[in-house]
Amino acid sequence: MSLDLMKVNKSFGKTHAVADFTVNLPKGQVLGLLGRNGAGKTTTIKMILGLLIPDAGEILWEGAPLDREKISIGYLPEERGLYQKSKVSDQLRYFAELEGMDRQSANQAIDYWLEKLQIPEHKDKKASDLSKGNQQKIQLIATLIHDPELLILDEPFSGLDPVNANMLASIIEEQVKMKKTVILSSHRMEQIETFCEKVCLMKDGKTVIQGNLSEIKQNYGYRNLTLHNDGEVENKLQEWNMVFEKKLNEVRLKVRDESEAFELFSRLHSDRVPIRYFKMLEPTLNEIFLEKVK
Amino acid sequence: MKKFAAIYKFHLKENLTSKAFKISTAIIFVAILAFFGYSNWANQNDSGNKDSIAIINTTESNVNIQSLNKGLEETKLESAKKNEEKKFREKVENGNVDGLILVRAQKGVPALTYIYKNFPNNEAAPVVSQALQQSYIADTIAQNKIDSKTAASLLSTVQVKDEVLKDTSNTFGIVYVFVFFMYLFIIAFGQMIATAVAAEKSSRVMEIMIPKVKPILMMYAKIAAILTGAIVQIAIIAAAGLIAYAIGWLDTNELSIFGSGIDLSNLTPGVIAAFITYFVLGYLLYAMMYAAVGSMVSRTEDLGSSQFPIIMLIMGAFFIGMRSLFDPSTTLVVVSSYIPFFSPIVTFSRIVAGEAGTLEIVITIAILLISLLFINRLAGRIYVHGVMHYGGKVKFRDMIQLAKSK
């Protein structure tokens, strides 16, 4: 019961947009597709949607080649757009009907979602009369209205103000709780880090890192160790020729693992350097990203 | 099929409820009624307002003005006294009288001078001169005591009888109207398709649509929806004509366009069927090309230059169609009627002119259908790839590449 991409490849002319992309996403899990602009995220998504046909490789849903007719997908494209001259309710009903909903349930779903996103007053307005943020909400409704099994959100947070971004985050969370299979693509790590169990970091079409987010962080190879700095710590570190980063009244350095940290503590302790406090954190996704895709 | 119906319904509603559709239809409707209303009003006013022309006759030959007036439709003749020439000349100059006819003897033969200000009345002078001639001849016969039989045989004229084998002059008006409408509809509704596709693309709503439906289905449904809109508009135009006819504003015998009469007797069911057939086929052919072009551009602003080749084709068809008004059997017209891009207009005008035989109709329809299949595949491929292709200006090379790719 999962979405599988196996050694998927796609080239446009001489650019190898996606190379040997392989991922296994069990049903009900969230995959974060990360990478800079042009890394191949949207191309991968378009192949899952069947809009592009891979040059090689397979895309499977529950073990069989993914068939768009059989699985309901909610797709929020990176480039946003609506029928500018049509009424909001008309086009939402149209999108719902194209997903096989009947008129009545479409109308109910429209009312439900407009209410939920706090924009019921825009139901009979033309899309062109709405602000950009509200148009994005309408698009989100278009993505979710038919209660899809597989949700693909391409850069969902771009262009949203903090309030709307929070609202979107809570809706995504809700969808995750409803055991929807979700693919999120972004170049802003911190926004999607909270949702994703699995991440896949892409660079120039290639997969740089892939796997369970907590495992990646655990095994990434270093921890960020932060110590209070009253001058003595700094001096000692300099004396021992260690690389560190000096913050306002803290120093930050990278250690391989806990044992290296404890070793450092005991050296400081034996040199009678007091340790007022310390913290040791896994690298953030952002750090991993920046290091990996540079 | 359900999806097709949903797309068709959505675009039809969008089309029929759009401001552009409502306004243009209202304008056409009012314009047609106004046109017939005005021409009816002008006709009525004309009949009560005959040109008045004065006659000053200084000869012996007698002209019976009263009996002449009975035969004149647009002119009222008035007799004036012999010494009033100067006064009437001034009246003509001032516009109080529309004309003055002076009948004077020149070497014993009556001669006629017609004086008018700007535009001559074409009816009066020939009628008066004929009456004058008859009266003069009768007088001469009587004076010279010529035998009436001799006189009759002397007077008999050589007769000219027209025998037209194929008279294109009476189909001229109707072909003109239909060729023009065909051209107008194809270009107007074709452009509507291109704009709709390009707008869908440039507004990026296409990104939502393409995962939901096969692009080719969208293309067909949109073409069908706009065709329906076109037919609704044609029906409204026809309704305006019928209303004008019902009120009595439309005199079918006097219908004309730019002076060439429209003979509605040429409007047989066969011709109407041919119009619909060729219009639908021609529309589909051009609609697909327009859809392909619309799918190639990323912004609606780029549409103008990209659709130029199509406009060239349809303009070519229009001008060859116009050529066939005057001469439906020239080589250019005959050859063009077999070229699918031209045949909707050209072959149709040849049919109305009575030049196209059954074989020609069958062959051109077959050619049209075959090219429709071909264009359908080509345009379909360009469309499917074009809608996902964003970039700068479209090059012809890109188009070929898209058509080749599967």
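Computed from the coordinates by the stated procedures, all read-outs in this text should not be read as laboratory data. Just so it is clear, the structure is predicted and the values come from calculations on it, not from any experiment. Neighbour counts run over all protein chains shown; Cβ positions are idealised from the backbone, glycine included.
For chain B, the 222 nm mean residue ellipticity estimated from helices alone, with every DSSP H stretch of n ≥ 4 adding -39500 (n - 2.57) and the total spread over all residues, rounds to -22500 deg cm²/dmol.
Pairs spanning more than 30 Å between alpha-carbon atoms, out of A:Lys137/A:Lys294; A:Lys116/A:Lys279; A:Lys123/B:Lys22; A:Lys126/B:Lys201; B:Lys81/B:Lys117; A:Lys132/B:Lys214: A:Lys137/A:Lys294; A:Lys116/A:Lys279. As a calculated quantity, the FRET efficiency between B:Ser67 and B:Leu359 at R0 = 56 Å, using C-beta atoms, amounts to about 0.50.
Placing a pseudo-label 7 Å from each Cα along the Cα-to-Cβ vector at B:Ala105 and B:Gln130 gives an inter-label distance of 2.6 nm.
Counted by Cβ distance under 10 Å from B:Gly386, the other residues give a net charge of +1, where Lys and Arg count +1 and Asp and Glu count -1. Note on A:Lys254 and B:Lys81: the model spin-label points, each 7 Å out from Cα along the C-beta direction, lie 12.6 nm apart.
Helix A:258-270 axis versus longest C-alpha principal axis of chain A: approximately 30°, rounded to the nearest ten. By the Cα gyration tensor, chain B has an equivalent ellipsoid whose semi-axes, rounded to whole angstrom, run 63, 25, 18 from largest to smallest. The angle between the Cα long axis of helix B:215-247 and the longest principal axis of the Cα atoms of chain B comes to about 20 degrees, rounded to the nearest 10. Only alpha carbons enter this Debye calculation for the range A:2-218, each as an equal point scatterer, and the log10 of I(q)/I(0) it gives at q = 0.14 Å⁻¹ is -0.87. A full extension of the chain between B:Leu332 and B:Asn94 corresponds to an added length of 80.4 nm, given 0.36 nm per residue minus the alpha carbon distance. Close amide H partners of A:Ile152, meaning residues 5 or more places away or on another chain with modelled amide H under 5 Å apart, are A:Gly74, A:Tyr75, A:Leu76, A:Ile183. Between amide H atoms placed 1.01 Å from N, distances below 5 Å from A:Gly35 occur with A:Ser186, A:Met202, all of them 5 or more places distant or on a separate chain.
Computed over the alpha-carbon pairs of the range A:223-293, the distance histogram in 10 Å steps reads 19, 55, 22, 5, 0 percent, short to long.
What list of whole percents do you get for P(r) of the range A:41-149, with Cα-Cα distances grouped in 5 Å bins up to the one holding the largest distance? So the P(r) values, bin by bin, are 2, 11, 21, 20, 17, 12, 10, 5, 2, 0. Spacing of the modelled spin labels on B:Tyr245 and B:Ala403, each 7 Å from Cα toward Cβ, amounts to 4.3 nm. All C-alpha pair distances within the range B:328-399, sorted into 5 Å bins from zero, spread as 3, 15, 20, 16, 10, 11, 10, 9, 5, 2 percent across the bins. Estimated from the Cβ-Cβ distance and a Förster radius of 60 angstrom, the FRET efficiency linking B:Ser24 and A:Lys14 is about 0.80.
The H on the amide N of B:Val97, modeled in the peptide plane, is under 5 Å from the matching H of B:Val92, each at least 5 residues off or on a different chain. Would you mind classifying the protein assembly as shown by shape? Square roots of the alpha carbon gyration tensor eigenvalues, ordered a ≥ b ≥ c; an a/c under 1.5 is rounded, otherwise it is prolate if a/b is larger than b/c and oblate if not. In terms of gyration-tensor shape, prolate.
The angle between the Cα long axis of helix B:269-296 and the main principal axis of chain B comes to about 40°, on a 0 to 90 degree scale.
With helices as the sole contributors, chain A gives -10500 deg cm²/dmol at 222 nm; each DSSP H run of n ≥ 4 counts as -39500 (n - 2.57), and the sum is divided by every residue.
Note: the range A:77-141, Cα convex hull, 78 Å³ per residue. Each residue of the range B:5-15 was assigned a 3J(HN,Hα) from its phi angle through the Karplus expression (A = 6.51, B = -1.76, C = 1.60, θ = phi - 60°), giving 4, 5, 5, 4, 4, 4, 6, 5, 5, 4, 5 Hz with x at Gly and Pro.
Residue by residue, the range A:39-48 carries 3J(HN,Hα) couplings of 7, x, 5, 5, 4, 4, 4, 5, 6, 5 Hz when phi is fed to the Karplus relation 6.51 cos²θ - 1.76 cosθ + 1.60 (θ = phi - 60°); x denotes Gly or Pro.
Using the Kirkwood formula over every pair of different C-alpha atoms, what hydrodynamic radius in Å results for the range B:92-164?
Its Kirkwood hydrodynamic radius stands at 15.0 Å.
Straight-line reach from A:Lys180: which aspartates and glutamates fall under 19 Å, measuring Cα to Cα and dropping same-chain residues less than 8 apart? In chain and number order, the partners are A:Asp4, A:Glu62, A:Asp67, A:Glu69, A:Glu99, A:Asp147, A:Glu149, A:Asp154, A:Glu155, A:Glu193, A:Glu197. With the convex hull drawn over the C-alpha atoms of the range B:53-143, the volume per residue is 92 Å³. Contact order for chain A, expressed relative to its length and based on alpha carbon pairs under 8 Å spaced 6+ residues apart, stands at 22 percent. With R₀ fixed at 25 Å, the C-beta to C-beta distance from A:Gln238 to A:Asn286 puts the FRET efficiency at about 0.35. Evaluated on the range A:1-99, the Kirkwood hydrodynamic radius is 15.3 Å, with distances taken between all distinct Cα atoms. Between B:Tyr38 and B:Ile276, residue separation times 0.36 nm minus the direct Cα-Cα distance comes to 82.7 nm. Considering only beta bridges that DSSP places wholly inside the range A:2-218, some 55 percent are antiparallel. Taking every residue in B:382-388 and counting other chain Cβ atoms within 10 Å of its Cβ, the average works out to 1. For the residues of A:97-109, the average number of beta carbons from a partner chain within 10 Å of their own beta carbon is 2.
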